[in-house]
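Written below as structure tokens is the structure these notes are about.
The values are calculated or read from the model by the stated rules, or taken from the named source; none is laboratory data. Everything quoted here is computed from the prediction, not taken from an experiment. Here Cβ is always computed from backbone atoms with ideal geometry, including for glycine, and neighbour counts include all displayed protein chains.
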Amino acid sequence: MADTVLYEVSDGLATITLNRPEAMNALNVETKVALREAVRSAADDAAVRAVLLTAAGDRAFCVGQDLKEHIGLLAADREAGSGQTMSTVREHYNPIVRALAGAAKPVVAAVNGVAAGAGFGFALAADYRIVADTAAFNTSFAGVALTADSGISWTLPRVVGPGRAADLLLFPRSIGAQEAYELGIANRVVPGGELRAEAEKVARALAEGPTVAYAALKESVAFGLTHSLEEALEKEDELQTRAGASEDHAIAVQAFVSKEKPKYLGR
């Protein structure tokens, strides 16, 4: 894996760190490929029970596409008469978002600074966002004459509502941490110096939790957003049957009866 993305697994927690702080963790091709492979690895690894997505430095979580590289790639496209550059949505962004949102385990984003464009989209693809009080969000796309990508056309309206999403997409602006919390973009805001420790604490607690139940919760909420009540009830029945058959459910019930803290196995 490239040095632009760091990947570490410890005690069931996979930590993925964007590592281009000198470029505000902008997404060049190398970084996008490495991030795609990292999130896929975390999603597919049964030993990983939670994922923490964060970034190096204190200025930026990720400012989206590396526009310096992008300019050169667009020029090469014009010379070749191709549109290869924009295939990055299909080849990189979509797989990254699918892996984050579809992982059968909780994903926590620790947003340490500016999250713009695809960086904003990746943060929204996580299940839980812990945000430094100095961080900010910006859709950015319209500012460079582009439309939404990285799943943000789906996630943002569901988090803030379609009206606010239209405003933030059509008129990009910086959304500070407190406003992000009020809009529901941030689940928790902490002082910048405490972000990493707090995010690791939350992510490790999730890594020690009932993984099958967490996966079912993710699936049921995503399903319920796009289906009828009757369909959602049927899905709840299906998923509760799965969760009820897990070892962790048996452990939880026994621990409750014994008045002990459960020690989950993640299966």
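Odds and ends about this structure:
- Going through (1) in contact (Cβ under 8 Å) with a residue 24 or more places away in the chain; (2) surrounded by fewer than 16 Cβ atoms within 10 Å (Cβ to Cβ); (3) under 17 Å from residue 127 (Cα atoms); (4) over 18 Å from the mean Cα position of the chain (by Cα) one by one, residue 178 falls short only on (3).
- Any hit, region 73-92, residues being touching a helix residue (DSSP H, G or I) at 6+ places or on another chain (Cβ under 8 Å) and modelled with pLDDT of 95 or more: yes
- Of all residues in region 99-124, those satisfying the criterion of being assigned to a loop (DSSP other than H, G, I, E, B) and either crowded, with 23+ Cβ neighbours inside 10 Å or at pLDDT below 95 (or both) are 103, 105, 106, 112, 113, 117.
- Residues being more than 15 Å from residue 64 (Cβ to Cβ) and either part of a strand (DSSP E or B) or out of contact with any strand residue (DSSP E or B) (no Cβ under 7 Å at 6 or more places or on another chain) (or both) - total across region 125-139: 6
- Selection status of residue 233, at pLDDT below 95, among the aliphatic types (A, V, I, L, M) and not assigned by TED's automatic domain parsing to the domain that holds residue 129: no
- Any hit, region 145-161, residues being part of a loop (DSSP other than H, G, I, E, B), in contact (Cβ under 8 Å) with a residue 60 or more places away in the chain and at negative phi: yes
- Filtering 135, 142, 148 for residues that are within 22 Å of residue 19 (Cα to Cα) and either more than 14 Å from the chain's Cα centre (by Cα) or not assigned by TED's automatic domain parsing to the domain that holds residue 48 (or both) leaves a single hit, 135.
- So residue 222, is it among the hydrophobic types (A, V, I, L, M, F, W, C), part of a helix (DSSP H, G or I) and assigned by TED's automatic domain parsing to the domain that holds residue 133: no
- Only residues that are of a type outside the set (Gly, Ala, Ser), surrounded by 12 or more Cβ atoms within 10 Å (Cβ to Cβ) and within 29 Å of residue 158 (Cα to Cα) were counted in region 234-267, giving 7.
Here is a yes/no grid of residues against (1) of a type in the set (D, E, K, R); (2) out of contact with any helix residue (DSSP H, G or I) (no Cβ under 6 Å at 6 or more places or on another chain); (3) surrounded by fewer than 17 Cβ atoms within 10 Å (Cβ to Cβ):
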| site | (1), (2), (3) |
| --- | --- |
| 149 | yes, no, no |
| 158 | yes, yes, yes |
| 166 | no, yes, yes |
| 184 | no, no, yes |
| 200 | yes, yes, no |
| 223 | no, no, yes |
| 226 | no, yes, yes |
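- Residue count, region 63-97 (criterion: more than 26 Å from residue 174 (Cα to Cα) and either in contact (Cβ under 8 Å) with a residue 40 or more places away in the chain or assigned to a helix (DSSP H, G or I) (or both)): 15
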